[in-house]
Amino acid sequence: MHQLLDAETPPDLRCIGWKQTDSCDLKAKEVPTKNRGCDQFVRGGIGGYCLMKDGDTGQEIRVMHTACDSLHPSVTLSILMVIYPKLLVSAYASIRALRAVNCTLSVELWYIESEMDIGNGASLLADIPKILQEEYGPLTLRSITDARVAGFNSKVYAITHTEFEHVLFLDADNVPVRDPSYLFSTPEFVKTGAILWPDFWHPANTIFNINEDSLLWELLDMPFTDMYEQESGQLVIDRTKSSAALRMLSLFAFHDPNLFTRYKLVHGDKDLFRLAWLKTKTPFHMIANPPGIAGTVRETKFCGMSMAQFDTDGEVLFLHRNAKKLKGGLGAKRKPDEQIWSHLQLFQYRASSSHASEKYSVHFFNGAPEFDQTQWCYGESKLAAPNFKTIAWEDTAFPHVEEKLLMYANEAVALLPTSAVEYIVQSDREEAS
């Protein structure tokens, strides 16, 4: 290395990647399965080196040799997200929103490698993900090449294969209204090692048939559990404390044949986490407050299109835009995104109050004629419905969050070349058909 630096012209050094070794000894052997790319996060507390190559001579050079105590041990906290073409705009907006509320946690973006290739040697990783890395990091990209992984189980794969110990998984269309980092230090997380969030549905009111008579309980050899179903748009997990549950989760997601899918026992990854924790008797904290509903009022009808999820103190923390995705105008019909959060519908009773679940009954209905016939809605359509209160968005603690999201979505689209735009639009059209 010294000879290269002493040469008359500086060397044309290019990074090949990080090579991890099998022990803390500087002369230890390489472990190829642990190697990382040049743009990936390398934690402290491990041995290895960076491999460089001189573009002029082809000579490979090892630099930045580290033993286990060469760098301060890394923080163990990170946010995980899974991206695919249609979610790139949402992911960009969500990460911009995270940084806007001063969240400095590292972010891992997981993706199925084949989904990001748009042909002719071009990749969707070259634009939005690259800008996120350069301007809104720390952020690393993690590829998934396992042929078993597709659709919802990519979330399970990311959580079970990350190297971080404490993780906040966020769906790419889920936005925090303030920095969520404090969740890792809440008594509920410290005590149990996992925080899960409830869905709209419970055994007395479910569209997914998870009730006392479901075949689910017999197939899992578990007693019926009378509680809210689980919504997996956000999860906080200590992977060490939850190791048994995570192994069960992998079995649920990747066992072939998959009985959950074959018999439609659950919907996607929804409830798999709760069931894995229950099956292994692993402790977890389920947020007490059932979800609020963010949506639009037209004439006198409320149409809920997003979930409002609470923290352990009963304050709204996440807005999950799950019924009307943020697309930046790249949907099948090329319509620009519109503001859909004019009102927030909240359950009037404390979650701990008697018979709360009997009073919490969310409806699922078509929005016509006030809304397009294709628009399905959650919540109570009447503004003065019993058990719920509906408040104007400007009266919330986060009145401008959607304006910023739409701005970030437009920023994301502006970063994309024409070929990427056409690919994403075509993907949306194929899925819509």
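Read-outs throughout are calculated quantities, based only on the coordinates presented, and are distinct from any laboratory measurement. Computed from a prediction, not measured in an experiment: that's the story for all the values here. Here the Cβ positions follow ideal geometry from the backbone for every residue, glycine too, while neighbour counts run over all protein chains shown.
Of note:
- Extension gain from V421 to S114, taking 0.36 nm per residue of separation minus the Cα-Cα distance: 108.8 nm
- Full-extension gain in nm, N35 to K335, via 0.36 nm per residue minus C-alpha separation: 103.7 nm
- Cross-link reach list, lysines versus K359, counting only Cα pairs under 18 Å and skipping chain neighbours closer than eight places: K382, K389
- Bridgeable lysines around K335 (alpha carbons under 16 Å apart, same-chain partners fewer than 8 residues away excluded): K86, K324, K325, K327.
- Under 23 Å from K281, Cα to Cα: lysines that are on another chain or at least 8 residues apart: K155, K191, K241, K270
- Virtual spin-label span in nm between R262 and M222, 7 Å along Cα→Cβ: 1.9 nm
- Remark: the stretch 202-213, residue by residue, has Karplus-estimated 3J(HN,Hα) of 8, x, 7, 8, 9, 9, 10, 6, 8, 10, 4, 8 Hz, where x stands for each Gly or Pro and the curve is 6.51 cos²θ - 1.76 cosθ + 1.60 at θ = phi - 60°.
- Which labelled figure in (1) 80, 48, 41; (2) 56, 50, 43; (3) 93, 72, 43 is Cα extents along the principal axes in Å, once derived from the coordinates: (1)
- Cβ-isolated cysteines (cut-off 4.7 Å), the chain: C50, C103
- Sites matching GluC sites (Glu not before Pro) across the stretch 290-373 that sit in DSSP coil, with at most 12 neighbouring C-beta atoms within 10 Å: E299, E315, E338
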